[in-house]
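Data block below; observations after.
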């Protein structure tokens with residue numbers, strides 16, 4: 001092939017390549033400017049799949065519409081500790097509980113009446129357990145399943161002999177009552193708020209429950225009934241309300257089981273066994289279990 005023929009052939013190929021390139025560029029430019037904008041992608045064929053034909057969407061909508069049943073349970077741990085040994089570790093123990101969940105006024109009321117109450121997370125409870133182990137505490141743990149709407153009632157044992165119990169109001173002198181054979185009860189009312197993190201509101205109320213030994217006639221529901229008379233007392237004025245997120249628990253103990261055993265907190269949370277005073281530390285953890293209905 002001569003030099004002139006090769007030159008002609010190369011020029012011809014270059015010309016055809018230019019034509020195809022220009023046409024392709026034009027086609028590319030047309031396709032680009034006619035591509036739907038991002039805001040209009042919702043109207044494209046890709047997103048116009050009916051929900052009834054999309055199993056993932058159907059399942060998601062069904063899960064969102066399905067009612068959820070919540071069962072509330074309580075894990076309650078009780079530790080009894082020699083009161084004389086608690087003196088050395090009391091500050092260390094309560095350092096792991098948040099006592100600021102209450103208003104200052106309510107916290108002062110509880111402290112004045114012998115109660116120390118705070119909220120602890122899992123790490124704080126583990127630290128508390130180590131402190132109690134170091135002073136020879138005895139432990140018991142129970143799970144309580146409550147019927148929704150019915151408060152949890154913890155029986156802390158009876159008062160074997162007559163005891164004078166003093167309640168200290170904020171702006172008045174001490175009010176003393178003598179109880180013989182009363183049963184110490186802690187009532188835990190609750191309200192559950194579901195969300196990204198469930199929160200259980202707990203209301204703690206103390207009661208010294210006692211009925212008369214003999215029976216007498218009383219009018220109940222419009223009818224005379226021969227029954228025992230209630231001689232105890234519910235301390236509604238000492239009720240404490242806490243918001244407890246999932247994974248946290250309330251710690252309850254006495255301020256001082258030796259020098260302040262005459263207070264309401266000392267009466268409720270201190271026992272005398274074989275001549276020795278023992279303090280009770282309670283850990284109350286709400287546990288939520290969710291069940292999706294069919």
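The values are calculated or read from the model by the stated rules, or taken from the named source; none is laboratory data. Please read all numbers here as calculations on a predicted model, not as lab measurements. No Cβ is skipped: glycine too gets one built from the backbone with ideal geometry, and neighbour counts run over all protein chains shown.
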Filtering segment 245-273 down to residues that are in contact with a strand residue (DSSP E or B) (Cβ under 7 Å, 6 or more places away or on another chain), more than 23 Å from residue 163 (Cβ to Cβ) and surrounded by fewer than 20 Cβ atoms within 10 Å (Cβ to Cβ) yields 245, 246
Can you spot a residue in segment 224-233 that is at negative phi, surrounded by 13 or more Cβ atoms within 10 Å (Cβ to Cβ), within 26 Å of the chain's Cα centre (by Cα) and not in a loop (DSSP other than H, G, I, E, B)?
-> no
Do we have any residue at all in segment 181-199 that's modelled with pLDDT under 85, farther than 23 Å from residue 77 by Cβ and more than 29 Å from the chain's Cα centre (by Cα)? yes
Picking from 207, 285, 191, the residue that is loosely packed, with under 14 Cβ neighbours inside 10 Å and either part of a strand (DSSP E or B) or touching a residue at least 12 places away in the same chain (Cβ under 8 Å) (or both) would be 191
Condition set over 30 Å from residue 70 (Cβ atoms) and in contact with a helix residue (DSSP H, G or I) (Cβ under 7 Å, 6 or more places away or on another chain), scope segment 144-165, selection surrounded by the fewest Cβ atoms within 10 Å (Cβ to Cβ): answer is 163
Over segment 79-107, the set of residues surrounded by fewer than 18 Cβ atoms within 10 Å (Cβ to Cβ), under 21 Å from residue 186 (Cα atoms) and in contact (Cβ under 8 Å) with a residue 60 or more places away in the chain is 106
